[in-house]
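Beneath this line is the structure, given in structure tokens, with notes to follow.
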Amino acid sequence: MKYFIIYTLFIGGILFLNCSRKTGIQENIFVSDLPLKGKTNSFYTSNRPPLIPNPLIKLPLGSIKPKGWVLNQLKLMAEGMVGHLPELSRFINEKSGWWTFKTRGWEELPYWLKGYHNLAYILNDKNMVNEANKWLEAALKSQQPDGYFGPPENKKNHDHWPNMIMLFIFRSHYEITKDPRIITFMTKYFKWQLNIPRKYLLPESWQKYRGGDNLECVYWLYNHTGEPFLLELAKAIHEKTANWTDGIPTPHGVNICMGIREPGVYYQQSKEKRHIEAVERNYNTVMSEYGQVPGGMFAADENYREGYTGATQAAETCSMVEFMYSFESLIKITGEAKYADRIENIAFNSLPAAIMPNFKGLHYLTAPNLVQCDSGGIHNFQNTGTMLSFSPWKYRCCQHNVSQGWPYYSEHLWMATRNNGLAAILYAPSEVNARVGSGTKVTILEDTYYPFDEVVNFTIKTPEPVEFPLIFRIPGWCQNAKIYVNNKLKNKNPKPDNYVIIERLWKNNDRIKIIFPMKITLTLWKKVANSISINRGPLTYSLKIGENWKRCGGTDEWPEFEVFPSTPWNYGLIVNTNNPESSFKVVKKKGKMPFQPFESNSVPIELHGKGNKIPNWTLVNNCAGKLQKSPVKSDEKVEDIVLIPMGAAHLRISSFPTIGKGPDANEWKKVK
């Protein structure tokens, strides 16, 4: 009888545990500095041995459907210059070497197609898909018997750089179509690269600094095929790429934004800490001297230059989208949440201001303090000629490369994880469709006004209860985030730049709500005259300056514009540096999110504060004068001022002097 009772209790316990799992009674919530380790993902291609396991795995193109303001950026791209670049660019036509394979064809068409192809499929626009595939099919047909593809002139010049960009397009195309030709095509090409004399593999110029792009594509193919020769090629590419492990081999801004990740990419094979450590060391080296400004970028108006480090120095639009992609790549390799913060910083605060709100033009350079976008050539930049006016016709590299910015950002909103889970990495209105758990296909709807609002809501749609880990990034700026599951608070005091991992049995219509409290903070830029920038959540705020857009060229359909200030810009802030929230009022606009929130007159949120004019702060070489040491004296009257999100300010003061009255306050000297 005793043994019967024990047996009954044992069986009952098992049934209870099983029932608990099936009914979702069991739940495990914890906080970690990294996403899940352990098993691989059963449904999405990740690193295969001997490469290190990657904690985050990119979902195939088409898995994520952007919504809201993000979708609007993509629509504007399609309606604007990206969707019509074949009409505007002399490099995208049937005279191009990427069509004839007899004439010259370099980076321009691949740059454009890299973003345009993915944009077409994200928007599910058949005409755009047909246009993208026209160029892709031409590139596929160009492959020679030895495996080389592309314009023969590039082969003659031993220039692999344009092909590196095309490889990204082939990867994306395979993700959404599973076209088997892509695998065969890339295998043949990489065998060609392996077999050419080493002196012809990445010998010089852009390709030598940007070999990490080539390397990343080799690993992508290896993860699909497991061909051992690819690891041999990867080692050769790393050895032939400029040495990013021991330092920064070039002052060129775009090269830095691309090349900085190369040791981290190779770390997947080498497993040597010096490679992954080099990434952060190089980043800190650049940012500690040239990146002492808001917006996530650094001063390199072509190259970084000693002494040119302030808020009036600028970054290329190319640099912005490439820096974003480097961080999108590195977060997959390392899982470190700081890379998502860096993506958002650039995407929200720098990239939108480099482009016209209707996406019908862009300019070459954008600075945190930029109070005039004229078409003249007299500025404080390395290059002469027009750099600041907005045009769909000019700025060759940026004109084409800008196409990848928002599509690639959209593709990294969500990622798959080990243990067949999902992770919300970049917060934005969206829908993700993915396989989780034992193979159930779920849809998660993300409804939010982030980054303009604190609340992010998620709704799970599943045909059956399914157990899987759902992971949420806690941004580095956020303290005291609150997480609710089905209206029940589930906080675990998550630290910034960590992940909250929820393992449970998820059911249809389960809901998660996250509140990211957005406090007003300031950043002190000691190296740039003790200037400050004002932040709320992931957004930095700029002085709202009246924008007078004046046509300066182009056509009636595709005009070019200069932008001049119609209101004063030379203000210092009156701010309580110990309690900046007390110095500003948050004003949220009523109604729906505007179609284009990154436009000065349609922003959904403003900060209202106080400031004084600084009369001696004037234009120098058509740029805002260099910042002088704060605090600054001013006898001008106190005025109400309005700050708007930095990304919406096409004219902007984002690094502010502060106003002081005491003996430490400084006179602003007039510069002639």
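The values are calculated or read from the model by the stated rules, or taken from the named source; none is laboratory data. This structure is a prediction, so every number in the text was calculated from the model and none was measured. No Cβ is skipped: glycine too gets one built from the backbone with ideal geometry, and neighbour counts run over all protein chains shown. Quick note on the areas: whole protein, heavy atoms, side chains included, nothing else; ligands and nucleic acids left out. Shrake-Rupley method; radii C 1.70, N 1.55, O 1.52, S 1.80 Å.
When you look at residue 312, is it of a type in the set (Ser, Thr, Tyr), surrounded by 20 or more Cβ atoms within 10 Å (Cβ to Cβ) and part of a loop (DSSP other than H, G, I, E, B), yes or no? Yes. Within the range 568-582, the presence of a residue that is more than 16 Å from residue 654 (Cβ to Cβ), β-branched (Val, Ile, Thr) and without any contact (Cβ under 8 Å) to a residue 24 or more places away in the chain is excluded. Residues of the range 171-182 being open to solvent by less than 30 Å² (accessible area, probe 1.4 Å) and in contact with a Phe, Trp or Tyr (Cβ under 7 Å, 6 or more places away or on another chain), which ones? If the condition is that a residue be open to solvent by less than 30 Å² (accessible area, probe 1.4 Å) and in contact with a Phe, Trp or Tyr (Cβ under 7 Å, 6 or more places away or on another chain), then 171, 182 are the ones that fit.
I need the full set of residues from the range 540-586 which are in a strand (DSSP E or B) and under 27 Å from residue 450 (Cα atoms), in order please.
The first filter runs over the range 540-586 and keeps only residues in a strand (DSSP E or B), leaving 540-543, 547-554, 559-565, 571-574, 585-586.
Within the range 540-586, 540, 541, 542, 543, 547, 573, 585, 586 meet the criteria.
Taken over the range 264-282, the criterion of being open to solvent by less than 50 Å² (accessible area, probe 1.4 Å) and either at pLDDT below 95 or over 16 Å from residue 336 (Cα atoms) (or both) is satisfied by 266, 269, 270, 282.
Residue count for the range 388-432 satisfying the condition of being closer than 27 Å to residue 110 by Cβ, among the acidic types (Asp, Glu) and in a strand (DSSP E or B): 0. Within the range 502-539, which residues are outside any strand (DSSP E or B), open to solvent by less than 50 Å² (accessible area, probe 1.4 Å) and not acidic (Asp, Glu)? Within the range 502-539, 516, 517, 518, 528, 529, 530, 537, 538 qualify.
If you go through the range 647-671, how many residues are among the charged types (D, E, K, R) and within 39 Å of the chain's Cα centre (by Cα)?
Start the filter on the range 647-671 by keeping residues that are among the charged types (D, E, K, R), which leaves 652, 661, 664, 667, 669-670.
Pick out the ones that are also within 39 Å of the chain's Cα centre (by Cα) and you get 652, 669-670.
Qualifying residue count for the region: 3.
Of all residues in the range 261-285, those satisfying the criterion of being of a type in the set (Val, Ile, Thr) and under 18 Å from the mean Cα position of the chain (by Cα) are 265, 279.
Considering only helices (runs of 4 or more DSSP H) fully contained in the range 95-172, which possess at least 2 residues that are of a type in the set (Ser, Thr, Tyr)?
Numbers: elements: 97-100, 108-123, 126-141, 152-156.
Of the helices (runs of 4 or more DSSP H) lying wholly inside the range 95-172, those with at least 2 residues that are of a type in the set (Ser, Thr, Tyr) span 108-123.
The sole residue among 213, 246 that is open to solvent by less than 30 Å² (accessible area, probe 1.4 Å) and acidic (Asp, Glu) is 213.
Can you confirm whether residue 428 is over 15 Å from residue 348 (Cβ atoms) and surrounded by 22 or more Cβ atoms within 10 Å (Cβ to Cβ)? It is false that residue 428 is over 15 Å from residue 348 (Cβ atoms) and surrounded by 22 or more Cβ atoms within 10 Å (Cβ to Cβ).
Taking (1) open to solvent by 10 Å² or more (accessible area, probe 1.4 Å); (2) farther than 30 Å from residue 556 by Cβ in turn, residue 258 satisfies each apart from (1).
Annotation: residue 306 fulfils all but one of (1) more than 27 Å from residue 561 (Cβ to Cβ); (2) touching a residue at least 12 places away in the same chain (Cβ under 8 Å); (3) more than 18 Å from the chain's Cα centre (by Cα); the unmet one is (2). In the range 488-497 there is no residue that is part of a strand (DSSP E or B) and of a type in the set (S, T, N, Q).
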